[in-house]
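Novice: The structure is given below, and queries will be raised subsequently.
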Amino acid sequence: MMTVSGAMAADAEREVFGTLEDGTEIEAVVLSTEDGITARIITLGATLQSLQTPDKDGTLDDIVLGHDTPAEYLATPQYLGATIGRFANRIGNATFTLDGTEYTLEANDGDNHLHGGVTGFDKLVWTISDISEDENGASVTLSLTSPDGAGGYPGTVEASVTYMLDDDGTLTIDHRATTDKTTIINMTNHSYFNLSGHADMRPILGHDLMIPASAYTPVDSGLIPTGELRSVAETPFDFREPMRIGARVRNSTDEQIMLGLGYDHNFVLDTADDDMALAAKLSDPVSGRMIKIYTDKPAVQFYSGNFLDGTTPGKGGTLYRQGDGLCLEPQVYPDAPNKPDFPSARLEPGEEYVHVMKIKTGVAK
Ligand code: BGC
């Protein structure tokens, strides 16, 4: 790729990431800033495969979990860095009803449906439809057609995801979708963060997290919301002030921590409306790295990586274990299609679904 002459040095480079067993080539696009911040996006799952940011001494390291090969992305059920669709998170009993018609989805999480099913957006090869560089940053757009009935969902869906890296180190992820029949959509990015990086990885239990949410949605034993909005006050779910993750993740007196094997819950954002709002702030006191996540959706799932069990191959010959990464997934509430009181995930023909989220990287001052 050419770099725009005379302008800032934001750059987008296209390269080969690997090949699937059937010979399909998986490409990567590496977006980079003049300061050396890079985001690598691969066409398999429109996945954020790596995100390199500096620590307080300027040392770059990769702050998201991922795999080195396409085969590992297909083999593992962890959704590392992937674009999730059509519906992020769980749908109870793998069914929902729209305008009187009941739809049956794939039950790929016990009796429930999780992250779009067996062949969700994360397992599909996306097409690179645009790459651009200008004085503000570099971007790549990936697109996908999901046929009517895919995974059990109604409507042919045209989906796209644009990753844009600004010169100030903000990665914007812009998800869009249209449909030709009334359907449901809830797309998000499933990055696992570990701000200590990979060279000398430390557990995320030592990170500090802030989530501006006064309520969360408690779950049943299948991790399906009960429908209640519960106050976080005086519970391990109060992150309105920054809290060390490890401080309360082992709290065996809290039924919800026990059900989630730690944190695996949907937080209802206080400031949410259709504008971009802060969803979470995460920092690592040792490296000094910090990220802030913004979204235009009403909630964020905080998942403390409880199902990383040492069987997931990571980058550079590592194995990921519990506490090696955490997800902050902006979304509509889990099981929204079955909960009339939850914000709607409905998409009509002629409308455009949009979810813009931002990962602002930096160093705590
Ligand atoms: C969910 C977890 C699930 C994980 C799979 C997260 O978004 O909240 O319950 O196990 O995805 O990687």
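Novice: So which strands (runs of 3 or more DSSP E) are wholly in segment 181-243 and hold at least 1 residues that are open to solvent by less than 10 Å² (accessible area, probe 1.4 Å) and away from the ligand (no atom under 14 Å from the Cβ)?
Specialist: Counting at least 1 such residues, we get 208-210, 213-217.
Novice: Return the total of residues in segment 297-329 being among the polar types (S, T, N, Q) and more than 16 Å from the ligand (Cβ to nearest atom). Lay out the reasoning, then the answer.
Specialist: Within segment 297-329, the first condition is being among the polar types (S, T, N, Q), and the residues that meet it are 301, 304, 306, 311-312, 318, 322.
Right, trim to more than 16 Å from the ligand (Cβ to nearest atom) and you get 318.
Here the count works out to 1.
Novice: Of these, 80, 51, which one is surrounded by 22 or more Cβ atoms within 10 Å (Cβ to Cβ), under 17 Å from the mean Cα position of the chain (by Cα) and either among the basic types (Lys, Arg) or over 18 Å from residue 175 (Cα atoms) (or both)?
Specialist: Testing whether each residue is surrounded by 22 or more Cβ atoms within 10 Å (Cβ to Cβ), under 17 Å from the mean Cα position of the chain (by Cα) and either among the basic types (Lys, Arg) or over 18 Å from residue 175 (Cα atoms) (or both) leaves just 51.
Novice: Taking the conditions exactly as written (more than 21 Å from the chain's Cα centre (by Cα), closer than 29 Å to residue 353 by Cβ and at pLDDT 95 or above), does residue 217 satisfy them or not?
Specialist: It is false that residue 217 is more than 21 Å from the chain's Cα centre (by Cα), closer than 29 Å to residue 353 by Cβ and at pLDDT 95 or above.
Novice: Let me ask something else. What are the residue pairs meeting all of these: first residue in segment 243-271, first residue closer than 18 Å to residue 205 by Cβ, second residue open to solvent by 20 Å² or more (accessible area, probe 1.4 Å) and of a type in the set (Phe, Trp, Tyr), Cβ atoms under 8 Å, and 6 or more apart or on different chains?
Specialist: Qualifying pairs under 8 Å: 261/307.
Novice: When you go through 100, 117, 85, 110 one by one, which is the residue that is surrounded by fewer than 22 Cβ atoms within 10 Å (Cβ to Cβ), within 16 Å of the ligand (Cβ to nearest atom), modelled with pLDDT of 95 or more and farther than 30 Å from residue 363 by Cα?
Specialist: Result of the check over 100, 117, 85, 110: 110.
Novice: Moving on. Within 16 Å of the ligand (Cβ to nearest atom), touching a residue at least 40 places away in the same chain (Cβ under 8 Å) and either of a type outside the set (S, T, N, Q) or part of a helix (DSSP H, G or I) (or both): does that describe residue 333? Lay out the reasoning, then the answer.
Specialist: Numbers: within 16 Å of the ligand (Cβ to nearest atom): yes; touching a residue at least 40 places away in the same chain (Cβ under 8 Å): yes; either of a type outside the set (S, T, N, Q) or part of a helix (DSSP H, G or I) (or both): yes.
Taking the combined requirement at face value, the residue satisfies it.
Novice: Of 309, 296, 335, 341, which residue is touching a helix residue (DSSP H, G or I) at 6+ places or on another chain (Cβ under 8 Å) and either under 27 Å from residue 238 (Cα atoms) or modelled with pLDDT under 95 (or both)?
Specialist: On the way: 309 fails: touching a helix residue (DSSP H, G or I) at 6+ places or on another chain (Cβ under 8 Å); 296 fails: touching a helix residue (DSSP H, G or I) at 6+ places or on another chain (Cβ under 8 Å); 341 fails: touching a helix residue (DSSP H, G or I) at 6+ places or on another chain (Cβ under 8 Å).
Result of the check over 309, 296, 335, 341: 335.
Novice: Within segment 344-362, count every residue that is open to solvent by 40 Å² or more (accessible area, probe 1.4 Å) and more than 19 Å from the chain's Cα centre (by Cα).
Specialist: 7
Novice: Please work out which one of (1) closer than 21 Å to residue 186 by Cα; (2) crowded, with 17+ Cβ neighbours inside 10 Å; (3) within 16 Å of the ligand (Cβ to nearest atom) is the condition residue 64 fails and give its number.
Specialist: With respect to (1) closer than 21 Å to residue 186 by Cα; (2) crowded, with 17+ Cβ neighbours inside 10 Å; (3) within 16 Å of the ligand (Cβ to nearest atom), residue 64 is out only on (1).
Novice: Just checking, which of 28, 39, 9 is among the aliphatic types (A, V, I, L, M) and not in a strand (DSSP E or B)?
Specialist: 9
Novice: Go through 168, 174 for me and flag whichever is away from the ligand (no atom under 16 Å from the Cβ), acidic (Asp, Glu) and assigned to a loop (DSSP other than H, G, I, E, B).
Specialist: 168
Novice: With (1) within 13 Å of the ligand (Cβ to nearest atom); (2) within 24 Å of residue 212 (Cα to Cα); (3) of a type outside the set (S, T, N, Q) as the list, and residue 294 as the residue in question, which single condition is left unmet?
Specialist: Condition not satisfied by residue 294: (1).
Novice: So, in segment 142-155, exactly how many residues are surrounded by 21 or more Cβ atoms within 10 Å (Cβ to Cβ) and either under 24 Å from residue 170 (Cβ atoms) or under 18 Å from the mean Cα position of the chain (by Cα) (or both)?
Specialist: The qualifying residues number 2.
The values are calculated or read from the model by the stated rules, or taken from the named source; none is laboratory data. Computed from a prediction, not measured in an experiment: that's the story for all the values here. Every residue, glycine among them, receives a Cβ derived from its backbone with ideal geometry; neighbour counts consider all protein chains shown. Protein only, heavy atoms only, side chains kept; ligands, DNA and RNA dropped before computing areas. Shrake-Rupley method; radii C 1.70, N 1.55, O 1.52, S 1.80 Å.
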